[in-house]
1. Since LEU43 meets every condition but one in (1) more than 14 Å from ALA112 (Cβ to Cβ); (2) not in a loop (DSSP other than H, G, I, E, B), which condition does it not meet?
2. Being within 13 Å of the chain's Cα centre (by Cα) and touching a residue at least 40 places away in the same chain (Cβ under 8 Å) is true for just one of LEU74, LEU33, LEU79, LEU42. Which residue is that?
3. Quick one: count up the residues across the range 87-118 that are more than 21 Å from LYS54 (Cβ to Cβ) and part of a loop (DSSP other than H, G, I, E, B).
4. Consider only pairs whose beta carbons are under 6 Å apart and that are at least six residues apart or on different chains; among these, list those whose first residue lies in the range 82-97 and is under 19 Å from ARG21 (Cβ atoms) and whose second residue is surrounded by fewer than 14 Cβ atoms within 10 Å (Cβ to Cβ).
5. Could you list all residues from the range 22-43 that are surrounded by 13 or more Cβ atoms within 10 Å (Cβ to Cβ) and either touching a helix residue (DSSP H, G or I) at 6+ places or on another chain (Cβ under 8 Å) or aliphatic (A, V, I, L, M) (or both)?
6. Restricting to the range 65-78, name every residue that is within 20 Å of ARG21 (Cα to Cα) and either among the small types (Gly, Ala, Ser) or at pLDDT 90 or above (or both).
7. Consider the range 7-30. How many of its residues are without any contact (Cβ under 8 Å) to a residue 12 or more places away in the chain, within 22 Å of ARG91 (Cβ to Cβ) and assigned to a loop (DSSP other than H, G, I, E, B)?
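The values are calculated or read from the model by the stated rules, or taken from the named source; none is laboratory data. Just so you know, these numbers come straight off a predicted model, no measurement behind them. Heads up, the Cβs are rebuilt from the backbone with ideal geometry, glycines too, and the neighbour counts pull from every protein chain shown.
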Amino acid sequence: MKRTLRKRERLQHGTDFRRARAEGRKLTGRLMLLNVLRAEDLLGRRLGVVTSRKLGCAVVRNRARRIVREAWRLIQEQLVDPCDVVVVVRRGMVGCVMQDAQDELLRLLKAAGALREI
């Protein structure tokens, strides 16, 4: 089944990205940098993905974004509500498989305290 992130599940405005990066908790991994902002005035769980041109051509950047969004889709039900997450893709993501990205995203979100306690 193909499912994309709905508009309300995405960070769309530069102000949202800047706020998450300025006020959120920053975590660094091999494949990505993560900024997690938890605040009561937010609207649910939202994701923003940043890919620099240093990463590669458009095909490489788009693939990296698709991998991050799919990893997010698979684990988003485990996240606390509300939170904004900005993922900055690093060069290590080029050529990696989706499972690696999902494992790292889970590890970083757990370190940020953004996962629900089961």
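1. The single condition LEU43 does not satisfy is (2).
2. LEU33
3. So the answer is 6.
4. That search, which allows pairs on different chains as well, returns PRO82/GLY44.
5. Scanning the range 22-43 gives ARG25, LEU27, GLY29, LEU31, MET32, LEU33, LEU34, ASN35, VAL36, LEU37, LEU42.
6. The answer is ARG65, VAL68, ARG69, TRP72.
7. 0
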